[in-house]
Amino acid sequence: MEVTTRLTWNDENHLRKLLGNVSLSLLYKSSVHGGSIEDMVQRCSHQGYTITMTYINENMIVAFVLGNYINLRESLTEPNDSLWFSLQKKNDTTEIETLFLNTAPKIIDKQLVCRLSKDDIFIIRPDNKIYLDRMMTKNLKLRFYGHLPFLECEVFRVEGTKYNLDYTKRIMKAREHRNKLLADIRAYKPYADLVSEIRILLVGPVGSGKSSFFNSVKSVFHGHVTGQAIVGSDTTSITERYRIYSVKDGQNGKSLPFMLCDTMGLDGAEGAGLCMDDIPYILKGCVPDRYQFNPRKPITPEHSTFITSPSLKDRIHCVAYVLDITSIDNLSSKMLAKFKQVHKEVLNCGVAHVALLTKVDDCSEILQDNFLNLSRSMTSQRQVMNVHKMLDIPISRILMVGNYASDLELDPMNDILILSALRQMLRAADDFLEDLPLEETGAIERVLQPCI
């Protein structure tokens, strides 16, 4: 008789992404192979790394990855590497959350007992019940504690030639840090509520990854790879209209407090690419969404859609110079001259600015172990210094990302770089808003407005 798992295809997909390039082979299923702990240990010993799934209800699974089932007896004290996490299903999505590290269970009185911490106890009993104490119940966001029946317990062998639990632990830490960044940006409010949404202008050569960065930001907040903005090649600009993109928190969520403004790509050839005379009007908020660029003819105040009296909310609050990290050394003198011309206009308007280096090969190598800072390789460090000298941008404002271009699935390491870059842009915009004179913020008008 073929024994099948309760895991859905989506659950298995999430687990494979968490565990790396591995496959899962079902070793034990309590409803088929017997509910005793001895049965489970007998079938799962000498199998290498395993993952045990306890189905608490239809929407909650508690799981642990274990180095060796043979070391579970109470009398054995050999180290047994482990990782505990939960899978919770919410609104057609699966959330994976770390519970504990390096805390292996033991067999005590025919029960599988794990003291996860001083106040956290998890027990699998032979009568298809588990025991959860108050703290464990709180960690799992359940309303009940004590002895509870579970639906099923399954154990899988993790099959992969180079499986390493340390990789999974790093992925779990990356997910946690990614989720913290998401929460920070969701809770962000522009400085002093001067505007409701920050406008970030993306400027760079054709094919540098401007449109891809918008797609990548949207992908992270939607939980899957998206492609709203059409992406061009490295020779011709697909973006011919000025686009002001808002980003929603999920497909049906509310709009987030920032907008990404995409322009035609810069081109070193004369009369091609974004017209330099359009730049000051874009920065001042005079150019409307979907304006059709003309490389040889800039917008003028006589244009029918020209915004004659833009307010602070219409202006650009931060500029991101987007550069392909692999092509910085090959920038032509004409392209460099255009960059410096754009930068001069940005400085004249006093707008905050950062540099965004795209097409980073291995995001995991760029991130330090704590995910808080970038660990730049010799190659990337040299490119950072080149941009620093070229545009006189502080090194702390030179950011690196790997956009989602040909990827089919999101990667938490990549997400961290994208969200960290976005957060730095928002912080730079806050500096710009804080530094504005009162007459430009509307504060004087609010103070002088008569009381009614």
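Below, the figures for the structure above:
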read-out: Highest average packing first - 412-425, 218-231, 191-204, Cβ atoms within 10 Å; value: 412-425, 191-204, 218-231
read-out: Nearest 10 degrees, 0 to 90: helix 412-434 Cα axis against the chain principal axis; value: 40 degrees
read-out: Nearby lysines by direct alpha-carbon distance to Lys29 (threshold 22 angstrom, same-chain neighbours under 8 apart not counted); value: Lys89, Lys106, Lys110, Lys129
read-out: Probe 1.4 Å - accessible area at His46, Å² to nearest ten; value: 140 Å²
read-out: Where Glu159, Glu240 fall by accessible area, highest first, once all protein chains stay in place (1.4 Å); value: Glu240, Glu159
read-out: DSSP beta bridge pairing in segment 188-435, given as percent antiparallel to the nearest 5; value: 30 percent
read-out: Dipole magnitude of the chain, debye to nearest 20 (Cβ charges: Lys/Arg +1, Asp/Glu -1, about Cα centre); value: 340 debye
read-out: Antiparallel DSSP beta bridges within the chain, percent to nearest 5; value: 75 percent
read-out: Among Leu194, Phe150, Cys44 the positive-end extreme of the charge dipole of the chain (Cβ point charges); value: Phe150
read-out: Angle between the chain longest axis and helix 333-349 axis [Cα atoms, degrees, rounded to 10]; value: 90 degrees
read-out: Reach of Lys141 by Cα under 13 Å, taken over aspartates and glutamates that are not fewer than 8 positions away in the same chain; value: Glu95, Glu97, Asp133
read-out: Accessible surface of Ile366 - all protein chains present, 1.4 Å probe, nearest 10 Å²; value: 10 Å²
read-out: Centre separation in Å (Cα based) which lies between segment 258-275 and segment 288-364; value: 7 Å
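The values are calculated or read from the model by the stated rules, or taken from the named source; none is laboratory data. Values in this document were obtained by computation on a predicted structure and should not be read as measured data. Here Cβ is always computed from backbone atoms with ideal geometry, including for glycine, and neighbour counts include all displayed protein chains. Surface areas here come from the heavy atoms of the whole protein model, side chains and all, with no ligands, DNA or RNA. Shrake-Rupley method; radii C 1.70, N 1.55, O 1.52, S 1.80 Å.
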